[in-house]
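Q: Just dropping this structure here.
The values are calculated or read from the model by the stated rules, or taken from the named source; none is laboratory data. Keep in mind it's a predicted model, so treat the numbers as computed, not measured. So basically every Cβ, Gly included, is an ideal-geometry build from the backbone, and we count neighbours across all protein chains shown.
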Amino acid sequence: MLCASEPDLVDGLLLLSYPLHPPRKPEHLRTQHLPNLRTPTLLVSGTRDPFGSSEEIENALQLIPARTKFVTLEGAGHDLDFTKGKSGDRGGLRLTILKSFQEFFGKTANESTDPESAIL
C-alpha cells in the first residue's frame, strides 16, 4: 500500500504469498490499492495458498498498471513450504525465487549473492 501512494519509494516489489483475502473469504479482497501501484511487481505464490488462488492472483495482477509477473509454486501453501519442508529441497525453492527475481528485475548472476543467504 505504501508503494501505491509513494511510487518512487522502491524500484520493484517482490511479493511472497500476498494475502489477497482472508482464508475462505474471497469476498473480502484486499486489492483497492493495486490500480495505483506503479512499481514493477513480481509475485510468488503456492497453488494451495488459502489467501488467494492462482486465478484470483492473476486477476488481481491485471489491476496493476505497472509491469508484473506471477510465479506459481506447484503444491505449495501460504508458507511456500519453507516451514514444513514439504518441497524436500528448500534450497531449490530459494533458487527458483532468486532466478525469477533476477530475470524479472534484470539482475545478473554476478550481481547476486549465494541463494542461501540472499533469500531467507
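Q: Can you tell me which residue among L14, L29 is closer than 18 Å to F104 by Cβ and among the aliphatic types (A, V, I, L, M)?
A: Going through L14, L29 in turn, just one is closer than 18 Å to F104 by Cβ and among the aliphatic types (A, V, I, L, M): L14.
Q: Sticking with this structure for a sec: Which one is surrounded by the most Cβ atoms within 10 Å (Cβ to Cβ) among residues in region 92-111 that are modelled with pLDDT under 65, part of a helix (DSSP H, G or I) and not acidic (D, E)? Let's see the steps before the verdict.
A: Filtering region 92-111 for residues modelled with pLDDT under 65 gives 108-111.
This time we only want the ones that are part of a helix (DSSP H, G or I), so: 109-111.
Narrowing the set further to residues that are not acidic (D, E) leaves 109-110.
Values: A109: 8, N110: 5.
Checked region 92-111; the qualifying residue surrounded by the most Cβ atoms within 10 Å (Cβ to Cβ) is A109.
Q: Now for a different question. Does A60 fit the bill of being surrounded by 15 or more Cβ atoms within 10 Å (Cβ to Cβ) and over 13 Å from the mean Cα position of the chain (by Cα)?
A: The answer is no for A60.
Q: Something else: Restricting the search to region 17-55, which residues are farther than 24 Å from L95 by Cα and charged (D, E, K, R)?
A: Of everything in region 17-55, those that are farther than 24 Å from L95 by Cα and charged (D, E, K, R) turn out to be R24, K25, E27, R30, R38, E55.
Q: Residues to consider are L43, L63; find the one that is in contact with a Leu (Cβ under 7 Å, 6 or more places away or on another chain), part of a strand (DSSP E or B) and at pLDDT 95 or above. Before you say what the answer is, go through the steps one by one.
A: Values: L63 fails: part of a strand (DSSP E or B).
None of the other options fit; the residue is L43.
Q: Taking the stated definitions as given, is G88 surrounded by 12 or more Cβ atoms within 10 Å (Cβ to Cβ) and at pLDDT below 95? Can you show your working first?
A: Details: surrounded by 12 or more Cβ atoms within 10 Å (Cβ to Cβ): no; at pLDDT below 95: yes.
No.
Q: Any residue at all in region 22-35 that is of a type outside the set (G, A, S), over 28 Å from F82 (Cα atoms), out of contact with any Cys (no Cβ under 9 Å at 6 or more places or on another chain) and in a helix (DSSP H, G or I)?
A: The answer is yes, given that some residue of region 22-35 is of a type outside the set (G, A, S), over 28 Å from F82 (Cα atoms), out of contact with any Cys (no Cβ under 9 Å at 6 or more places or on another chain) and in a helix (DSSP H, G or I).
Q: Something else now. If I filter region 27-46 for residues that are within 22 Å of D79 (Cα to Cα), surrounded by 15 or more Cβ atoms within 10 Å (Cβ to Cβ) and in contact (Cβ under 8 Å) with a residue 60 or more places away in the chain, do I get at least one hit?
A: Yes, there is a match, as at least one residue in region 27-46 is within 22 Å of D79 (Cα to Cα), surrounded by 15 or more Cβ atoms within 10 Å (Cβ to Cβ) and in contact (Cβ under 8 Å) with a residue 60 or more places away in the chain.
Q: So, in region 1-30, how many residues would count as being of a type in the set (S, T, N, Q), modelled with pLDDT of 90 or more and farther than 21 Å from F70 by Cα? Spell out how you get there, then give the answer.
A: Within region 1-30, the first condition is being of a type in the set (S, T, N, Q), and the residues that meet it are 5, 17.
Pick out the ones that are also modelled with pLDDT of 90 or more and you get 17.
Keeping just the survivors that are farther than 21 Å from F70 by Cα gives none.
Number of matching residues: 0.
Q: I'd like the residue in region 6-17 that is without any contact (Cβ under 8 Å) to a residue 40 or more places away in the chain and out of contact with any helix residue (DSSP H, G or I) (no Cβ under 7 Å at 6 or more places or on another chain) and, out of all such residues, is nearest to S100 (Cα to Cα).
A: L15
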